[in-house]
Amino acid sequence: MSTKPFQPLVVATNIEKTYRKGPVAVPVLKGVDMSVAKGELVSIIGQSGSGKSTLLHLLGTLDRPDAGEIHFEGNRIDNLAAAGRDVLRNRYIGLIFQFYHLLPELTAIENVLAPVMIRHSVLGYWAKRREYRERAKELLDTVGLGHRLNHKPRELSGGEMQRTAIARALIADPKLLLADEPTGNLDRETGEGILEVLRRLNTERGLSIIMVTHDPAIAAGADRTVNLVGGRVHTANQAAA
Ligand code: ADP
Ligand code: MG
């Protein structure tokens, strides 16, 4: 363990979430407590349907819990209105998913730039376009794709598409990266390559990362694993890797 004090980035307390399908209530999270410190790489593991994506979406303000509280850098975020959650997410949280969600007509570098193009007015983007392009190139370089800037998704392998998605998630310089099964669609070796990229972003840039996976081998690459069983955290702490 490091000697640095635990500086909480995200603290979730007693989180409950139930989905309702007509008259049927499906309780998924039944009082989840978890916190992530600045600079940590934490994995969330659990069986299919155990609520991993649900929890990640709540931490990423994509959805709201029925009960409990979520704090980000000391500020309560679970009760923000939708507009406030959008601002928080756009500024501080990067997201990657199992199926990349790249825009097929755009090149790798254009996909990485898409979030800032959407976020700024045309003039605002134009004024800073060189800076953003440099940043996008540097990020693609960091994830090992410096030689694929102008390739479209169909010209990239699965691992390369996920690397592009990671670069895109980082273009706005978020404090937290949330990854939902980032290796779930990749073979073992390619998946380990993605894990290495995440680990490097964590150690070299201090990026805090929460990574959902159902693969214990991938989860073991994190500093710590949160195990979801029956809607609760089963084993909160594991020795640091
Ligand atoms: P995991 O990511 O661990 O596989 P999820 O969080 O996706 O699990 O889902 C947990 C449970 O909640 C599953 O039983 C799933 O069917 C249900 N569920 C997820 N999203 C919804 C939704 N939008 N509406 C109703 N049920 C849902
Ligand atoms: Mg899931």
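Quick notes on this one:
- Backbone amide hydrogens, once placed in the peptide plane, bring Leu177 within less than 5 Å of Gly94, Ser208, Ile209, Ile210, excluding anything fewer than 5 places away on its chain.
- Cα→Cβ-extended label distance, 7 Å offset, between Val87 and Phe6, nm: 3.1
- Using a Förster distance of 25 Å, the FRET efficiency for Ala220-His151 (Cβ separation, nearest 0.05): 0.20
- Using a cutoff of 8 angstrom between alpha carbon atoms and counting only pairs six or more residues apart, the relative contact order for the chain works out to 29 percent.
- Legend: ranking of residues Lys30, Lys52 from fewest to most surrounding C-beta atoms inside 10 Å; resulting order Lys30, Lys52.
- For the chain, share of DSSP beta bridges that run antiparallel, in % to the nearest 5: 55
- For Asp33, the amide hydrogen comes within under 5 Å of the amide hydrogens of Asn14, Ile15, Val233, counting only partners 5 or more places away or on other chains and with H modelled in the peptide plane.
- Thr18 versus His120: modelled label distance in nm, points set 7 Å from Cα along the beta carbon direction: 4.7
- What separates the Cα centres of the stretch 163-241 and the stretch 70-138 is a distance of 19 Å.
- Value at 222 nm in deg cm²/dmol, rounded to 500, when DSSP H runs of n ≥ 4 in the chain each add -39,500 (n - 2.57): -10500 deg cm²/dmol
- The calculated Kirkwood hydrodynamic radius for the chain is 18.5 Å, given to one decimal from all distinct C-alpha pairs.
- Cα-only Debye scattering, the stretch 3-61: base-10 log of I(q)/I(0) at q = 0.15, 0.16, 0.29 Å⁻¹: -0.52, -0.58, -1.32
- Ranked list, fewest to most other Cβ atoms within 10 Å of each Cβ, for Met34, Met161: Met34, Met161
Values in this text are rule-based calculations from the coordinates and carry no lab data. Owing to the predicted nature of the structure, the values given are computational and were not obtained by experimental measurement. We place every Cβ from the backbone using ideal geometry, glycine too, and count neighbours over all the protein chains shown.
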